[in-house]
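To start, I am sharing the structure in question, which I have written as structure tokens.
The values are calculated or read from the model by the stated rules, or taken from the named source; none is laboratory data. Being a predicted model, the structure only gives us computed values, none of them experimental. Here the Cβ positions follow ideal geometry from the backbone for every residue, glycine too, while neighbour counts run over all protein chains shown. Please note that ligands, DNA and RNA were not included when accessible areas were found on the heavy atoms of the full protein model with its side chains. Shrake-Rupley method; radii C 1.70, N 1.55, O 1.52, S 1.80 Å.
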Amino acid sequence: MTEVMDKVQTLQQFINGQWVDSASGETLDVENPANEQVIAKVPASGAEDVDRAAAAAATAFEAWQHTTPQDRSLLMLKLADALEERADEIGRLESRNTGKPVQVAIDEIPVVVDNLRFFAGAGRVLEGKAVNEYMAGHTSLIRREPVGVVASIAPWNYPIMMAGWKIGPALMAGNTVVLKPSARTPLTAILLAEIAADILPPGVLNVITGTGAGIGDDLVGHPKIGMVSVTGDTDTGKHIARVAAERVKRLHLELGGKAPVVVFDDADLEAVIDNLKTFSYWNTGQDCTAPCRVITGPKVYDNFVADLAASVKTIRWGDPAEGADIEMGSLIAKAQADKVEGMVDRARKGAEIVTGGVRPKRPGAYYEPTVIAGPDQRSEIIQDEVFGPVVTVQRFSDENQAIAWGNDVRFGLAASVWTADIGRAMRVAKALQFGTVWVNDHFTLVSEMPHGGFKESGYGKDQSMYAIEDYTIVKHVMLRI
Ligand code: NAD
């Protein structure tokens, strides 16, 4: 596919094991945001396409739900192997569609592969509560049933990784899937379907391409879809929850974030700055867990701001095609660069732009790595998700204020606390209302441990046994004995 992508090609979607155009024949342009070139066309799905995909998945579910965990595991392991073999091709394609550096995109594939392998095993040890006699003359047992057809709606920031995180637990729990990638980044999901076509039975994994506005409600509201899993913006999640409520559908919502980084005066500042230089600007800051909101102790604040800015200035950014030394690529689209520019410009009034704050005049969706010092806690730049290469730094007066500011946002996905005092680390980790809290680190996740939000960051977990449980329904079976 990478070779053919050198020419603009019209791709198809994957329904019931077949490659098909949209029912209307209409297509959507797919761009490389690093240079604004159209690189492919994909079907612009409509309600009829959703209907075909949901029907195919529902039919496939009839047999798939009765396969053994071992059967499903063997197929999942094959899929993981096949992705691993084509990691280079998938990564290169992802880079062209997202503007992220090529090696960064290639390095995401082992993460997806590990996740699928984890779920291939986890699906075999999924269990209910022990059988017991809770009433005389009766034995009770718990079954974990698949939900049925899952609509997996993926975002544009990690297109193949989020697709993998969704299909692993859903399929291993015995569900079938209709995957809808973001209309901006459908290419690696189509490649995933191409790879899975030789491994999974027809209809078990369907990939349809379309915009959220175009087919979102049809998909979420479709009577054959039993559960909706979405990773995306909090407003998108709220809209989907409203539509899903009509049929009381099960939901799995991985939404926005605004991660605080609480740095006490006794922290290893060099380690904090190393971490932020890499991970605040990873994926051009388009990461829901990005360490973007630093809250530092009163003594270290001034030096910290200066040292962070000096370090951030050295980040090499640009079009990934310019060379392997590009550390930070473009944003996903000009619209995203507009959003970042607008938020930074509005922040100028009450805060200092220490470095960056510039939208380069060149084709492509670029914004310079930025550090903003001293914004007010109630300001937009602190309260809302920028989803770009922007870090704010605030000065707290004591531990209570650090915790209060850390929690004072509507999101609750990820946070970190940096200190040499183990007791304080544990106190603050407990007090922070976020789904993941790192101590003296920020960013790394593992397949065995859950990832998911508190508050408006959503509910339901990715990764870990908790994710696979989310894709099942608990059933009580009671036998008279
Ligand atoms: P988005 O909300 O614009 O789109 C996400 C997906 O939802 C896309 O596939 C889109 O087409 C679809 N969609 C949009 N409107 C819809 C509708 N009405 N009905 C059904 N589907 C609809 O999000 P995005 O801009 O692609 O991704 C960035 C967002 O994702 C950020 O807010 C980020 O924090 C969040 N995110 C969260 C996590 C997490 O684990 N919590 C991980 C990655 C990204």
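Quick one: helix 87-98 against the long Cα principal axis of the chain, what's the angle to the nearest 10°, folded into 0 to 90?
60
Hey, rough spin-label estimate for D338 and T59, points 7 angstrom out along Cα→Cβ, what's it come to in nanometres?
4.2
Moving on to the next point. Place +1 on the Cβ of every Lys and Arg and -1 on the Cβ of every Asp and Glu in the chain, take the dipole about the Cα centre, and give the residue among I199, I481, M465 whose Cα lies farthest towards its positive end.
I481
Suppose only helical runs count, i.e. DSSP H with n ≥ 4. What mean residue ellipticity at 222 nm does that imply for the chain under -39500 (n - 2.57) per run, divided by all residues and rounded to the nearest 500 deg cm²/dmol?
Working: 15 runs with 181 residues, N = 481.
It lands at -11500 deg cm²/dmol.
Using the alpha carbon gyration tensor of the chain, what are the three equivalent-ellipsoid semi-axes (square root of 5 times each eigenvalue), largest first, in whole Å? Mind showing how you got there, number by number?
Numbers: eigenvalues 284, 171, 71 Å².
Over the Cα atoms of the chain, the ellipsoid semi-axes are 38, 29, 19 Å.
Further question on the same structure: Run a plain Debye calculation on region 229-344 (Cα atoms as equal point scatterers, no solvent) and give log10 I(q)/I(0) at q = 0.24 Å⁻¹, rounded to two decimals, same order as the q list.
At q = 0.24 Å⁻¹ the computed log10 ratios are -1.34.
Let me ask something else about it. Return the ratio Rg/(2.2 N^0.38 Å) for region 1-131, where Rg is computed over Cα atoms only. Let's see the in-between values first.
Values: Rg = 18.3 Å, N = 131, 2.2 N^0.38 = 14.0 Å.
Here the answer is 1.30, to two decimals.
Taking the Cβ of A34 as the center, what net charge do the other residues with Cβ under 11 Å away carry, scoring Lys and Arg +1 and Asp and Glu -1? The partial results should precede the final answer.
Numbers: positive: R96, K100, R362; negative: E31, E36, D319, E322.
My count for the surroundings of A34 gives -1.
Another question about this same structure. Tell me, what is the per residue accessible area of the chain in Å², probe radius 1.4 Å? Show your work: numbers first, answer last.
Values: 19280 Å² over 481 residues.
Accessible area per residue: 40 Å².
Expressed as a whole percentage, what fraction of the accessible surface of region 262-311 belongs to carbon and sulfur atoms when a 1.4 Å probe is rolled over the protein heavy atoms? Mind showing how you got there, number by number?
Values: 830 of 1650 Å².
C and S fraction of accessible area: 50 percent.
7 Å from Cα along Cα→Cβ at both D307 and A404: what's the point-to-point distance in nm?
Once both label points are built, they end up 2.8 nm from each other.
While we're looking at this one, here's another question. Roughly what angle does helix 47-64 make with the longest principal axis of the chain, taking Cα atoms, 0 to 90 degrees, to the nearest 10?
For 47-64 against the chain, the angle is about 60 degrees.
Further question on the same structure: Among H138, P155, G99, which residue has its Cα furthest toward the positive end of the charge dipole of region 40-179, with +1 on Lys/Arg Cβ and -1 on Asp/Glu Cβ?
Highest projection toward the positive end goes to H138.
Working with all protein chains in place, sort W165, W282, W156 by solvent-accessible area computed with a 1.4 Å probe, largest first. Before the final figure, lay out the partial values.
Working: W165 15, W282 80, W156 40 Å².
From most accessible down to least: W282, W156, W165.
Same structure, new question: Among 405-416, 455-466, what's the highest-first ranking by average C-beta atoms within 10 angstrom per residue?
Numbers: 405-416: 22.5, 455-466: 20.9.
The peptides rank, most packed first, as 405-416, 455-466.
Provide the net charge surrounding L141, with neighbours chosen by a C-beta distance below 10 Å and charges set as Lys +1, Arg +1, Asp -1, Glu -1. Walk me through the numbers before you get to the answer.
Details: positive: K129, R143, K475; negative: none.
Around L141, the charge tally is +3.
Now a separate question. log10 I(q)/I(0), Debye, Cα-only region 293-345, no solvent, q = 0.28 Å⁻¹?
Those come out to -1.02, one per q.
Please report the base-10 log of the normalised intensity I(q)/I(0) for region 141-267, using a Debye sum with one equal scatterer per alpha carbon and no solvent, at each q in 0.10, 0.12, 0.19 (1/Å).
Treating every Cα as an identical point scatterer, log10 I(q)/I(0) equals -0.34, -0.47, -1.03.
Let's test the formula: R0 of 51 Å, r as the Cβ-Cβ distance of V439 and I481. What FRET efficiency results, to the nearest 0.05?
Working: r = 50 Å, r/R0 = 0.98.
Efficiency at R0 = 51 Å is approximately 0.55.
For the chain, what is the percent of antiparallel DSSP beta bridges, rounded to the nearest 5?
If we restrict to bridges inside the chain, about 40 percent are antiparallel.
In debye, nearest 20, what is the charge dipole magnitude of the chain about its Cα centre with +1 on Lys and Arg Cβ and -1 on Asp and Glu Cβ, if you could check? List each step's numbers first, then the result.
Working: 47 positive and 63 negative charges, 252 e Å.
It works out to roughly 1220 debye.
Tell me the angle of helix 102-122 to the major Cα principal axis of the chain, expressed in degrees between 0 and 90 and rounded to the nearest ten.
It works out to around 40 degrees.
With Rg and the Kirkwood Rh both taken from Cα atoms, where does Rg over Rh land for region 81-146?
Details: Rg = 21.0 Å, Rh = 15.1 Å.
Taking Rg over the Kirkwood Rh, I get 1.39.
Rounded to whole Å and sorted largest first, what semi-axes of the equivalent ellipsoid does the C-alpha gyration tensor of region 361-410 yield via the square root of 5 times each eigenvalue?
On the way: eigenvalues 148, 26, 12 Å².
Value: 27, 11, 8 Å, ordered largest first.
Counting residues in region 383-481 as N, plug N into 2.2 N^0.38 Å and put the Cα Rg over that result.
Numbers: Rg = 17.6 Å, N = 99, 2.2 N^0.38 = 12.6 Å.
Computed over Cα atoms of region 383-481, the ratio equals 1.39.
Give the Rg/Rh ratio for region 65-104, taking Rg as the radius of gyration of the Cα atoms and Rh as the Kirkwood radius, to two decimals. Don't jump to the answer; show the numbers that get you there.
Numbers: Rg = 14.6 Å, Rh = 11.8 Å.
With Rh from the inverse mean 1/r over Cα pairs, Rg/Rh is 1.24.
Quick one: compute the contact order of region 101-194, relative version, from alpha carbon pairs under 8 angstrom and 6+ residues apart, as a percent.
On the way: 106 pairs, mean separation 27.0, N = 94.
Relative contact order of region 101-194: 29 percent.
How big is the equivalent ellipsoid of region 162-224 along its three axes, where each semi-axis is √(5λ) from the Cα gyration tensor, reported in whole Å from largest to smallest?
Numbers: eigenvalues 72, 45, 21 Å².
So the three semi-axes of region 162-224 are 19, 15, 10 Å.
Would you mind counting up the charge near Y366? Only other residues with Cβ under 9 Å from its Cβ, with Lys and Arg at +1 and Asp and Glu at -1.
Numbers: positive: R359, R362; negative: D319, E368.
That works out to 0.
What's the carbon and sulfur percent of region 62-140's accessible surface, probe 1.4 angstrom, rounded to a whole number?
Details: 2090 of 3860 Å².
That share works out to 54 percent.
How many nm separate the modelled label positions at L141 and T211, each set 7 Å beyond the Cα in the direction of the Cβ?
Label-label distance for L141 and T211, simple model: 5.1 nm.
Which residues' amide hydrogens lie under 5 Å from the amide hydrogen of S182, considering only partners 5 or more residues apart or on another chain, with H built in the peptide plane?
For S182, the qualifying residues are A154.
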